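What follows is a set of notes on a single structure, which appears directly below.
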Amino acid sequence: MVTQILAGFVGALTFSYIYRVPASQRMYAGAVGSLGWTISLSARQGGGELLGVFLAAIAVAVCSEVLARRRQQPVLVFLIPGVIPLVPGGKAYLTMLSFLQQDYVDAVGLLVSTILMAGAVAAGIIITSSTFRVYSRTKYLRR
Amino acid sequence: MKGMEQLVGLVLLAGELLLTCGAEVYRVEETMERMGQAAGFVQVEGFATPTGLFISLHAPNGRVYTRVRRIRQSYNNLATIAEVNALSRAFSAKRISVDEVRRELQRLQEQGAPESLRRQLIGGGGAMAFTIMYGGTWFDALLAGVTGAIVLMVTSFLHRQSVPKFLQAALGAAVAAGLVLGISQLLTTHPNLITLGAVMVLAPGVAMTTAIRDLLSGELLSGLSRSAEALAVSVAIASGVALVLSLGGR
C-alpha cells in the first residue's frame, strides 16, 4: 500500500513536468495525485471501481480548488496532474487488446466500463467545481 | 490613437498565449476582459474557441477596435497559463505598467514550450509510476521508464517538425509498442504493463480536463471540440499500439 501511495505521488509529480506545471507547485500537484489514487484504491476494495474513482475525483477536485485559492494559481495547475492517476488507461489498453484479438464480446464490455470510469471522473470534477463556482460567485457579488 | 492600438495588441497577445497553452475558454475571455478594462476601454467583449479568438474593445472616444486571431498550434504549458493569469491580475490592480506587461508577455511568447532532456527523463518516471500502479514489478517499471523517456524524446522531435498532434501520438505509441516488443523477445517481462505505462505519457490530460471544465461553465463549443480532441488522441495512441502488435504477430 505504501508503494502504491508513493507511486501515485511520483505519477502526478512527474506528469507535472510533462505538462510544465510551475516549479513551485509541483509537490502540491504530486500530493493531490497521491491522495486521489489512495482513495480510489481503498474505495475499490469496499464499493467497487466506479464509486472509487468518483469519490477520488471529488477529493482531487476539492483539493485543487482549495489549493488554487490558497496559492493563487489556476485550478488546472493542480487538477490536471491530480486526475492523471484516475484516468482509466489500463481499461482502455485492455479494450484495445480485446478488439485486436477479435474478442468483441469482452471488448465491448471493457469499452463500456472504460467510458463509465471516465464519466465518473468527469462527474466528480463537475459536481465539485460547480459547487465551488456558486460559492465564489456569491462572494464576488457581495463585494 | 497609437497608444490604443498597442493596448489592443497587448490584450490580444494575452488571450493568444492562454489559448495556445490550453487554458479554459472562460479564463481566456475573463483575462481579456479584465485587461481591457484595466487598459481603459469602456466595454470589452471577448469570444474564444480552441482554434481562434475574437475581441471587440470599445474606447472611451467611441471607436471600436475589433480583432480576430487564429490559433493554429497548441502545446501544454501550465506555467505560462499561471504567469499570464498573475500578470493580468497585477495589471488590473495597477501594480505593473503596460510596458512591463508587454515585455513579460513577449518573453513568454518567445519561450513557447521549453523542452529539455530533464523533462523527458523525469517524464519517463511517470511511465515507471504507472507500471507500478497497475501491478508491474520493479523491473517492468524500470523498462517502462526508459521506454517512456524515449517516447517523450520522439514526440518532442516530431513536435519540432510540426507533425500534427494525432500523428505524434500514434507514432509515439508505435515506438513504445515496438521497443517493448523487442525487449520482451530478450527478457521475461510483462510487455502489456510496460507498454501501458510508456504510452500513458502521451495521455491527453490537458485536453480532457479543460474539456470538462469548459462544459461545466457552459462553453459548449470548446467543451465538445476539446472532448473530440482528447478522444481522437486516445484513439491515435490505441491504433499506434495496435498496429505494431498486429504486425508483431500477437
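What pairs come up if the first residue lies in the stretch B:108-130 and is under 12 Å from residue B:151 (Cα atoms) and more than 8 Å from chain A (Cβ to nearest Cβ), the second is aromatic (Phe, Trp, Tyr) and open to solvent by 50 Å² or more (accessible area, probe 1.4 Å), and their beta carbons are under 7 Å apart, counting only those six or more places apart or on different chains? Within 7 Å, no pair qualifies.
The single residue among B:193, B:181, B:171 that is in the same structural domain as residue B:134 (by TED's automatic domain parsing), at pLDDT 95 or above, among the hydrophobic types (A, V, I, L, M, F, W, C) and not in a loop (DSSP other than H, G, I, E, B) turns out to be B:171. Can residue A:75 be described as in contact (Cβ under 8 Å) with a residue 24 or more places away in the chain, surrounded by fewer than 24 Cβ atoms within 10 Å (Cβ to Cβ) and more than 13 Å from chain B (Cβ to nearest Cβ)? It is false that residue A:75 is in contact (Cβ under 8 Å) with a residue 24 or more places away in the chain, surrounded by fewer than 24 Cβ atoms within 10 Å (Cβ to Cβ) and more than 13 Å from chain B (Cβ to nearest Cβ).
Answer yes or no: is there a residue in the stretch B:138-155 that is more than 25 Å from residue B:116 (Cβ to Cβ), assigned to a helix (DSSP H, G or I), touching a Ser or Thr at 6+ places or on another chain (Cβ under 8 Å) and open to solvent by 10 Å² or more (accessible area, probe 1.4 Å). There is at least one residue in the stretch B:138-155 that is more than 25 Å from residue B:116 (Cβ to Cβ), assigned to a helix (DSSP H, G or I), touching a Ser or Thr at 6+ places or on another chain (Cβ under 8 Å) and open to solvent by 10 Å² or more (accessible area, probe 1.4 Å). Which one is farthest from residue B:35 (Cα to Cα) among residues in the stretch B:47-94 that are within 12 Å of chain A (Cβ to nearest Cβ) and among the β-branched types (Val, Ile, Thr)? Ranking the candidates gives B:80 first.
For the residues B:222, B:227, the requirement of being part of a helix (DSSP H, G or I), of a type in the set (Gly, Ala, Ser) and open to solvent by 30 Å² or more (accessible area, probe 1.4 Å) singles out B:227. Taking the stretch B:196-219, which residues are at the interface with chain A (Cβ under 8 Å from one of its Cβ atoms), assigned to a helix (DSSP H, G or I) and more than 20 Å from residue B:27 (Cα to Cα)? If the condition is that a residue be at the interface with chain A (Cβ under 8 Å from one of its Cβ atoms), assigned to a helix (DSSP H, G or I) and more than 20 Å from residue B:27 (Cα to Cα), then B:196, B:199, B:200 are the ones that fit.
The set of residues from the stretch B:230-250 being farther than 23 Å from residue A:18 by Cα, open to solvent by 40 Å² or more (accessible area, probe 1.4 Å) and part of a helix (DSSP H, G or I) comprises B:243, B:246, B:247.
Does the stretch A:14-28 hold any residues that are more than 7 Å from chain B (Cβ to nearest Cβ) and in contact with a Leu (Cβ under 9 Å, 6 or more places away or on another chain), and which are they? The answer is A:16, A:25, A:26, A:27, A:28. If the condition is being over 27 Å from residue A:136 (Cβ atoms) and out of contact with any Lys or Arg (no Cβ under 6 Å at 6 or more places or on another chain), then the stretch A:41-74 contributes A:41, A:42, A:43, A:44, A:45, A:46, A:47, A:48, A:49, A:50, A:51. On inspection, residue A:85 qualifies as within 10 Å of another protein chain (Cβ to nearest Cβ), within 24 Å of residue B:197 (Cβ to Cβ) and either open to solvent by less than 30 Å² (accessible area, probe 1.4 Å) or in a helix (DSSP H, G or I) (or both). The numbered conditions (1) on the phi > 0 side of the Ramachandran plot; (2) surrounded by 14 or more Cβ atoms within 10 Å (Cβ to Cβ); (3) not hydrophobic (A, V, I, L, M, F, W, C) are all true for residue B:168 except (1). Can you confirm whether residue A:21 is open to solvent by 10 Å² or more (accessible area, probe 1.4 Å) and either among the β-branched types (Val, Ile, Thr) or within 18 Å of residue B:204 (Cβ to Cβ) (or both)? Judged against the criteria, residue A:21 is not a match.
The values are calculated or read from the model by the stated rules, or taken from the named source; none is laboratory data. Since we're looking at a predicted model, the values are computed, not measured. For neighbour counting, all protein chains shown are included, and Cβ atoms are generated from backbone atoms with ideal geometry for every residue, glycine included. Surface areas here come from the heavy atoms of the whole protein model, side chains and all, with no ligands, DNA or RNA. Shrake-Rupley method; radii C 1.70, N 1.55, O 1.52, S 1.80 Å.
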